[in-house]
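Here the structure is laid out as structure tokens; the discussion comes afterwards.
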Amino acid sequence: MVVAEQKPLKDILSYIDDSKRIIIAGCHGCVTVCSTGGQKEVDILASLIEIAGKKQGKEYEIKKITLQRQCDPEFLEELIEMAKDYDAIISMACGAGVQLVAERVGPIKVFPALNTTFIGVVETKGEWAERCQACGDCKLYLTGGICPVTRCSKSLLNGPCGGSHEGFCEVDPKTPCGWQLIVDRLKAIGCLHTYATIVEPADWSKSRDGGPRRMIREDLK
Amino acid sequence: MNSCIRCGYCYEHCPVFKSTKWEIDSPRGKLILLYGLLSGELEPSDYIANKIFECFHCGRCQKACASGVPTLEVFDAARADLIDAGFNVVGTTSQTNHDICARCLNCVRMCKHEARSFVDGKIITDRLKCRSCGSCLDICSEKGITIGTGYGTNPDELSSKIKKFLNNPENPDAKAIVFMCGWSSYPGFQASVYDKFEISREYEILVTACSGRLKSQTVLESFEEGAWGVLICCCPENECDHGGSARVKARMKYLTDFFEKMDIEKNRIQIAEIPQGNPKLFTDTATKFIKEIGSLGPAFERVGKC
């Protein structure tokens, strides 16, 4: 899922400094699953903004809504209709959701309440961790299902650097060395021979370096 | 069951009976229902089954019983029999609204009683394992978890009591909400001193069942309604059967971190660990708390309030 965390409240308040009528829009998608932008978080942010406003002698008029997904235009219609009467929208979706709202909603300010941090997994309750950088050229078939681009702090494709120390990374001693994880996993599944495969330099044009990416499926058009 | 002498000592301690004052909601009333079922004088029904499932499992009835009736064991056995007999009742157990559930599994992971699981695409509650603590209520980002009957402890019930107390024009002294755990602080306080204790006009005592049932939003609502402060009385962490004390502390830290950034004093939200049977500690804590927030004044100037 896409994982996000809430921005500092002071930042959010600064965005709406000159607004009075505000919509706080949550999303039932990934940000609900990672407990950052669902209905509950919309309620809490609305209350915090209201309390912060009162503290500053300011009364906000806040409307709360949570959309099925903010990254699908059809689900935005209710918000777009509602937005006509408001000064600003605070979106509690990931960066994709915030942008689609901004693209579709017309001349009204749209602000993010979250920092979109990574594509990741739940490691244990209350803890999420990065697993994918959306590089666009998946190498997991070679590396026992452990991503060298993400799990190695330096995104090395052909084994570890000299900073791998007792299974941990020199960049952060609490972070397991991605290549140690890969080698251990390859051993466990009897595929250590693939470690010898030299991976060609990555084509980063398939990643962000090639500019904004698109996917087109003619069969779904 | 036969050793129950119908004395009614269990009444005083049962949070369900205290809420309704109905015989059928007391441990004694439930024992009589079960007696009727066993003797054949009563036909099992959804109504009776639901009553047997309406229990916060605090065990105070068992502790208070002069005849040593093992009420917890009796009720647990009765619930198992009722489920075997096909009764699909909710009682006070926590339930998930499958239409809005995002399947994030946070409630499954956090339940200390392992009462929630993901089966056939849905989160289901094991009604025999669920202890009705309500710790799962605040974990749900979709607000999709409800407790069938809260007996005054559910979020909407708490919200309306908060609004009523803080907006009562006849009580200009109202300034704080005190949430008390229905397992530890409140029963001891209630059984020992409630009748003799002069209830302060400055704060309202609201029982949350387990403190872990208290939603962050309910605390924020208290401030939105003009509270100067909120005191939460929970069990000592190692005595809470539900993990609620640790949970409410973590949640309140999350809120007070926000408060600090809003230039609102952190000590407007306070948590006190009050063990069972220590009402004096509660009254001393509440008095100190009221004095502290009294010196801070209102959290913000409120338009239209004296």
| Lone unmet requirement of (1) within 8 Å of another protein chain (Cβ to nearest Cβ); (2) over 19 Å from B:E221 (Cβ atoms); (3) under 17 Å from the mean Cα position of the chain (by Cα) for A:E41 | (2)
| field | Residues being within 14 Å of chain A (Cβ to nearest Cβ) and at pLDDT below 90 - total across the range B:279-306 | value | 6
| Which of the following residues is modelled with pLDDT under 95 and either assigned to a helix (DSSP H, G or I) or closer than 22 Å to A:K55 by Cβ (or both): B:Q270, B:Q190, B:Q276? | B:Q190
| request: State the number of residues belonging to the range B:284-301 that are part of a helix (DSSP H, G or I) and without any contact (Cβ under 8 Å) to a residue 40 or more places away in the chain. | output: 5
| remark: Only one of B:T125, B:T71 is polar (S, T, N, Q), out of contact with any Asp or Glu (no Cβ under 9 Å at 6 or more places or on another chain) and within 23 Å of B:L38 (Cβ to Cβ), namely B:T71
| task | Those residues that are touching a residue at least 12 places away in the same chain (Cβ under 8 Å) and among the basic types (K, R), I need them from the range A:164-207; list them, please. | result | A:R185, A:K206
| task | For the range B:159-178, name all the residues that are assigned to a helix (DSSP H, G or I) and farther than 25 Å from B:A272 by Cα. | result | none
| message | Filter the range B:229-244 down to the residues that are assigned to a helix (DSSP H, G or I) and surrounded by fewer than 24 Cβ atoms within 10 Å (Cβ to Cβ) and list them by number. | response | B:E237, B:N238, B:E239
| said: What's the total number of residues in the range A:27-76 that are in contact (Cβ under 8 Å) with a residue 60 or more places away in the chain and of a type in the set (S, T, Y)? | reply: 1
| query | within 13 Å of chain A (Cβ to nearest Cβ), at pLDDT 90 or above and at positive phi, is that true of B:R103? | reply | yes
| task | Among what's in the range B:111-124 and is not hydroxyl-bearing (S, T, Y) and not in a loop (DSSP other than H, G, I, E, B), pick the residue that is surrounded by the most Cβ atoms within 10 Å (Cβ to Cβ). | result | B:I123
| query | What are the residues in the range A:119-152 that are buried (at least 16 other Cβ atoms within 10 Å of the Cβ) and among the hydroxyl-bearing types (S, T, Y), if any? | reply | A:T143, A:T150
| query | Just checking, how many residues over the range A:103-135 are away from every other protein chain (no Cβ under 14 Å), touching a residue at least 24 places away in the same chain (Cβ under 8 Å), of a type outside the set (S, T, N, Q) and assigned to a strand (DSSP E or B)? | reply | 6
| Does A:S91 satisfy the criteria of being in the same structural domain as A:K40 (by TED's automatic domain parsing) and among the hydroxyl-bearing types (S, T, Y)? | yes
| task | Starting from residues that are in contact with a helix residue (DSSP H, G or I) (Cβ under 9 Å, 6 or more places away or on another chain) and in a helix (DSSP H, G or I), keep the ones in the range A:88-102 and report whichever is nearest to A:E41 (Cα to Cα). | result | A:G97
| task | Look at B:E198 and say whether it is modelled with pLDDT of 95 or more, in a loop (DSSP other than H, G, I, E, B) and over 22 Å from B:I271 (Cβ atoms). | result | no
| said: Condition (residue is in contact with a Phe, Trp or Tyr (Cβ under 6 Å, 6 or more places away or on another chain), in a loop (DSSP other than H, G, I, E, B) and under 20 Å from B:T208 (Cβ atoms)) applied to the range B:83-95: is it met by at least one residue? | reply: yes
| Selection from the range A:3-38 of residues that are among the aliphatic types (A, V, I, L, M), more than 7 Å from chain B (Cβ to nearest Cβ) and under 23 Å from A:R69 (Cβ atoms) | A:V3, A:A4, A:I12, A:I22, A:I23, A:I24, A:A25, A:V31
| Of all residues in the range B:206-218, how many are modelled with pLDDT of 90 or more and under 17 Å from B:K161 (Cβ atoms)? | 7
| Can you pull out the residues in the range B:125-158 that are outside any loop (DSSP other than H, G, I, E, B) and either touching a Leu at 6+ places or on another chain (Cβ under 8 Å) or within 14 Å of chain A (Cβ to nearest Cβ) (or both)? | B:L137, B:D138, B:I139, B:I145, B:T146, B:I147, B:P155, B:D156, B:L158
| Scope the range A:1-38; condition among the aliphatic types (A, V, I, L, M), within 19 Å of the chain's Cα centre (by Cα) and assigned to a strand (DSSP E or B); matching residues | A:V2, A:V3, A:A4, A:I24, A:A25
| note | For the range A:100-117, the count of residues that are buried (at least 17 other Cβ atoms within 10 Å of the Cβ) and farther than 12 Å from A:I89 by Cα equals 3
| message | Step by step: first the residues of the range A:44-60, then only those that are assigned to a helix (DSSP H, G or I) and at the interface with another protein chain (Cβ under 8 Å from one of its Cβ atoms), then the one that is nearest to the chain's Cα centre (by Cα). Which residue is that? | response | A:I44
| message | Given the condition farther than 30 Å from A:C191 by Cα and assigned to a loop (DSSP other than H, G, I, E, B), answer yes or no: does some residue in the range A:138-158 qualify? | response | no
| query | Among the residues of the range A:67-84, is there at least one that is touching a helix residue (DSSP H, G or I) at 6+ places or on another chain (Cβ under 8 Å), at negative phi and within 11 Å of chain B (Cβ to nearest Cβ)? | reply | yes
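The values are calculated or read from the model by the stated rules, or taken from the named source; none is laboratory data. Note that the structure is a prediction, hence the values are computed from the model and not measured. All Cβ positions, glycine included, derive from the backbone under ideal geometry; neighbour counts span all protein chains shown.
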